[in-house]
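Trainee: First the structure, which I've put down as structure tokens, then a few questions once you've had a look.
The values are calculated or read from the model by the stated rules, or taken from the named source; none is laboratory data. Since this is a predicted model, take the numbers as computed values, not measurements. Every residue, glycine as well, gets a Cβ built from its backbone with ideal geometry; the counts of neighbours run over all protein chains shown.
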């Protein structure tokens, strides 16, 4: 066993940084299980139209609240809608919101953080105060306020509203992270050398600063996706998120509450998928942080 560990350590030491991270993740069973769940959810969301037995808005009259069977694998809800099909499309909605909102928050947060941390001075003062002001508002309550003001009336409009609301409350954490990284890196020798050589600021940022920030940014985005998915489910549960007839896990949980005692499976399926997906992203983010931190492997 000791010989195998020495050989594996030698392979890691001789490989590229990305290979080192991959080998560390591969040794972590929780990371591998979490990654498998994330990939499975993504595949199901992508091929949902191919494996869903019914359209997500199809009403099977006469089969309301039917039990799982050959006609409806996981049964139907109170409107006669197929639970299996709606779970698949709900996965598509949750992952889409998670990826889009995290991407928007990443763009806003990185831009604000870089400007504040690298430029400093008045930029840091103004952008820092804006970030502090955003932190003063509870994220979810501010998102509920924005959604209430915009009042989406269609599924497409509700998607756009959720994107905007959650992105506006989600960027301050990323901005503060990037600002701290920029403050640490802007006085490093390689940055000073680039300035002395006459390299433009935007090139220093894109070629020197951002590549050295990738590890914490990747970890933060992975964990943020879980928070966005949960926030989206909360908005849908409150009835102000993604609007019907398009399904979402939060809406399915809400619609199942009146039938909790008679049909507990209706609330079990979306709750289980929501919990497993959020935990998978959180666990994978934690494992990724450990794998990317060289101080834990010295």
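Trainee: Looking at (1) part of a helix (DSSP H, G or I); (2) modelled with pLDDT under 90; (3) over 17 Å from residue 233 (Cβ atoms), which is the one condition that is false for residue 104?
Mentor: The one condition residue 104 does not meet is (2).
Trainee: Could you check how many residues of the range 107-124 are modelled with pLDDT under 90, assigned to a helix (DSSP H, G or I) and out of contact with any helix residue (DSSP H, G or I) (no Cβ under 6 Å at 6 or more places or on another chain)?
Mentor: So the answer is 3.
Trainee: Checking the conditions here, which among 229, 218 is surrounded by fewer than 21 Cβ atoms within 10 Å (Cβ to Cβ) and either on the phi < 0 side of the Ramachandran plot or not in a loop (DSSP other than H, G, I, E, B) (or both)? Reasoning before the result, please.
Mentor: Working: 229 fails: surrounded by fewer than 21 Cβ atoms within 10 Å (Cβ to Cβ).
Checking each option against the conditions leaves just 218.
Trainee: Here's something else I'd like to know. Filter the range 237-276 down to the residues that are part of a loop (DSSP other than H, G, I, E, B) and more than 22 Å from the chain's Cα centre (by Cα), then identify the one that is surrounded by the fewest Cβ atoms within 10 Å (Cβ to Cβ).
Mentor: Among those residues, the one meeting the criterion is 261.
Trainee: Just to be sure, is residue 124 in contact (Cβ under 8 Å) with a residue 40 or more places away in the chain and more than 27 Å from residue 238 (Cα to Cα)?
Mentor: yes
Trainee: Determine whether the range 84-93 contains at least one residue that is at pLDDT 90 or above and not in a helix (DSSP H, G or I).
Mentor: no
Okay, residues lined up against (1) without any contact (Cβ under 8 Å) to a residue 24 or more places away in the chain; (2) crowded, with 17+ Cβ neighbours inside 10 Å; (3) touching a strand residue (DSSP E or B) at 6+ places or on another chain (Cβ under 7 Å):
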{"site": "47", "(1), (2), (3)": "yes, no, no"}
{"site": "51", "(1), (2), (3)": "no, no, no"}
{"site": "64", "(1), (2), (3)": "yes, no, yes"}
{"site": "78", "(1), (2), (3)": "no, no, no"}
{"site": "84", "(1), (2), (3)": "no, yes, no"}
{"site": "90", "(1), (2), (3)": "no, yes, no"}
{"site": "94", "(1), (2), (3)": "no, yes, no"}
{"site": "98", "(1), (2), (3)": "no, yes, no"}
